[in-house]
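The values are calculated or read from the model by the stated rules, or taken from the named source; none is laboratory data. Note that the coordinates shown come from a computational prediction; the quantities given were computed from them, not determined experimentally. Here the Cβ positions follow ideal geometry from the backbone for every residue, glycine too, while neighbour counts run over all protein chains shown.
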């Protein structure tokens, strides 16, 4: 399509979205991959993660909830006969945990790169090959033009590239069409759309993270000083009692003498340490 | 039968030019009566006035940096053999003229005879076949003359008759279709028969100039004067005696060598010859419908020692454009022990050609082959150990319950000892695992990590591994950091220390 005449004609280009118009997400192109979190799906232009392209996830620190946010994505993309690539993750993705969450281990590919240059090269190769559904990378200091290359490669290979970067990068411009920011607030993990195509960013959205830890915490015993405290199932985030040092020291003394319950491991129920113990 | 003859008049030049990084004046020399003579000269040499038959000193007088290479007939035969491997895609009936005739004039070994009558159905028409033949001739084998005729000898002679036309580049190239029939033969001169000079002289003294006159003579009389060999030659030329259908034997193993005229001392210079060798390998593999996973390069060094450079591929490959990028990456890591004089590629092991399937409905085209190609490429640059898949092992020790495995193999749940599937622990496991547990400080027995940790759940005791001398005896807890992050920590029951072993993703 060629543009003639006044600059206003430029605005008629179908790829140009004007902030005054209804957001593109109102037209709901439902070809995205559901994030598993309804408020976030609403805020994203594709109704979920884009199927191809580059996205950035900005985290205050690693392990702040990004893994749980990505699990539904990993689970769905694992169904494709393509690689799920991890490049230089901060720690090892723990295979038994992934398998329990239904992530296809046989499609997982773990890469270690010593230099940032190698990481970006590997990411570009993976994205452009068409053989990877998701490529997650933890780069140190990528340049905007390198990110632009990744975006082009991702479109070519119909892959989703995900860059995990520190929150400090939110102030820097980035050619990635989608940027999300994670934060931990008092109420739990929250996510915000910093930038997306065809829409404004969003406010902070609370993620009801279906963490195994959160669910199991309810029914299980929590080690407290004197007694086993059982929390009801429906309590989503009970604030567990803070242990005092003496209590834990006591528990640890007692532990070796407890018997193993074959079904559930250790069931701790303690009585105050008396002279007999 | 329909025979096609591919004639490569400058085969000896082509063979040497393949090893030259840039075109330059080149002659092939032969020694006659203790004089070194120019036998063939390439276009650059002819441009400065060097002509076949000149002595080497006078040719060197015309061109200062003239490259003179002695003729190597064995190597030319090998080159022709490889061209035969390439031509195998058109027909299995390929013949070298040297096996066809005793006529020494036809034996200089730069023609290939293909019986294509049986392949016409595949290629629909002679014209289409001729076009494809000329289009697919490997790069660097120019000029090439093509002629079609009903008998092998006629095709051979007709292709060779075009010789004079294009070796002298001044003569315009004729665009006549290369299809001839036996009816065209009588018009030819007897010189065209490429007989020994005394026989030509004898024929001409008899007043016989064209083949028409020769064919008109009674056979008995001719046989008496020229011998039975000559008669057999004539009868096979005219189709009176049918040609024997040859069958081409592809060698069992691939071996190709490039000898350089100059020493190569950097790996970058090897790229050009590598591409050449891989193209030849591709022709061979396509002809045999095979692929390979192992390439073995042997570099002949200056001091005549051999440097071996074996390369393994993760998946079978047969196309040079797939193998070349991998080699390029590997080439950067190759350490040359001394300048290289020759490069040989040997491939001894082959596998069946993988048959890929493609999905019509998905926008990406990813099959097993392309996925393995990606792994190959990544391994070539990052190193074998830095590319792995994740697998599980039936072991209760967290650090041993996962394993790096070959990409794509994934889930291994079998117990290494019994081979039986074991249920993994149903306890909660963190998303991230620290490769080695990190020791934590403690305050009055309570663990510290960026603040006091709050124990939420536990302990889960893991006391196992006594059988392989790496026992663990630990109580695992889920703990919460002041920032809200959930950690997987344990207290080692042997040294009574706290360790951080995992991080939950929340």
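Counting only strands (runs of 3 or more DSSP E) that fall entirely inside the range A:82-160 and contain at least 1 residues that are more than 18 Å from residue B:382 (Cβ to Cβ), the qualifying elements are A:132-137.
Filtering the range B:105-115 to residues that are at pLDDT 75 or above and within 25 Å of the chain's Cα centre (by Cα) leaves B:110, B:111, B:112, B:113, B:114. Summed over the range B:274-299, residues that are surrounded by 19 or more Cβ atoms within 10 Å (Cβ to Cβ), in contact with a strand residue (DSSP E or B) (Cβ under 6 Å, 6 or more places away or on another chain) and farther than 15 Å from residue B:82 by Cβ total 5.
Looking only at residues that are within 14 Å of another protein chain (Cβ to nearest Cβ) and closer than 13 Å to residue A:56 by Cα in the range A:135-153, which one is surrounded by the fewest Cβ atoms within 10 Å (Cβ to Cβ)? Within the range A:135-153, the match that is surrounded by the fewest Cβ atoms within 10 Å (Cβ to Cβ) is A:138. The residue that is farthest from residue B:116 (Cα to Cα), among those in the range B:127-145 that are touching a residue at least 60 places away in the same chain (Cβ under 8 Å) and not in a loop (DSSP other than H, G, I, E, B), is B:145. With respect to the conditions (1) farther than 16 Å from residue B:274 by Cβ; (2) out of contact with any strand residue (DSSP E or B) (no Cβ under 8 Å at 6 or more places or on another chain); (3) at pLDDT below 85, residue B:333 lacks only one, and its number is (1). None of B:458, B:445, B:451 is modelled with pLDDT under 85, surrounded by 13 or more Cβ atoms within 10 Å (Cβ to Cβ) and over 30 Å from residue A:102 (Cβ atoms) except B:445.
The single condition among (1) under 18 Å from residue A:195 (Cα atoms); (2) in contact with a strand residue (DSSP E or B) (Cβ under 8 Å, 6 or more places away or on another chain); (3) not in a loop (DSSP other than H, G, I, E, B) that residue A:74 does not satisfy is (1).
The residue of the range A:96-107 that is nearest to the other protein chains (Cβ to nearest Cβ), among those that are farther than 24 Å from residue A:182 by Cα and touching a helix residue (DSSP H, G or I) at 6+ places or on another chain (Cβ under 7 Å), is A:105.
Restricting attention to the range B:405-438 and to residues that are more than 7 Å from chain A (Cβ to nearest Cβ) and in a strand (DSSP E or B), the residue that is modelled with the lowest pLDDT turns out to be B:421. Of the numbered criteria (1) farther than 16 Å from residue A:71 by Cα; (2) in contact with a strand residue (DSSP E or B) (Cβ under 6 Å, 6 or more places away or on another chain), the one residue A:114 fails is (2).
Which of the residues spanning the range A:167-195 are free of Cβ contacts under 8 Å to residues at least 40 places away in the same chain and either surrounded by 16 or more Cβ atoms within 10 Å (Cβ to Cβ) or on the phi > 0 side of the Ramachandran plot (or both)? A:190, A:192, A:195, listed by residue number.
All of A:54, A:70 fail the test of being buried (at least 22 other Cβ atoms within 10 Å of the Cβ) and in contact with a helix residue (DSSP H, G or I) (Cβ under 8 Å, 6 or more places away or on another chain), apart from A:54. Residue B:262 meets all of the listed conditions (1) in the same structural domain as residue B:346 (by TED's automatic domain parsing); (2) touching a residue at least 40 places away in the same chain (Cβ under 8 Å) but one, namely (2). In the set (1) under 33 Å from the mean Cα position of the chain (by Cα); (2) part of a helix (DSSP H, G or I); (3) at pLDDT below 80, residue B:177 fails one condition alone, (2).
When residue B:102 is tested against (1) in a helix (DSSP H, G or I); (2) farther than 30 Å from residue B:58 by Cα; (3) modelled with pLDDT under 85, exactly one condition is not met: (1).
Restricting B:148, B:153 to residues that are farther than 21 Å from residue B:131 by Cβ, at pLDDT 80 or above and not in a loop (DSSP other than H, G, I, E, B) narrows the list to B:153. In the set (1) surrounded by fewer than 19 Cβ atoms within 10 Å (Cβ to Cβ); (2) modelled with pLDDT of 85 or more, the condition left unmet by residue B:487 is number (1). Here the range A:46-94 is the region considered, the condition is being more than 9 Å from every other protein chain (Cβ to nearest Cβ) and on the phi > 0 side of the Ramachandran plot, and the residue that is modelled with the lowest pLDDT is A:47. When residue B:243 is tested against (1) more than 30 Å from residue B:69 (Cα to Cα); (2) in the same structural domain as residue B:346 (by TED's automatic domain parsing), exactly one condition is not met: (2).
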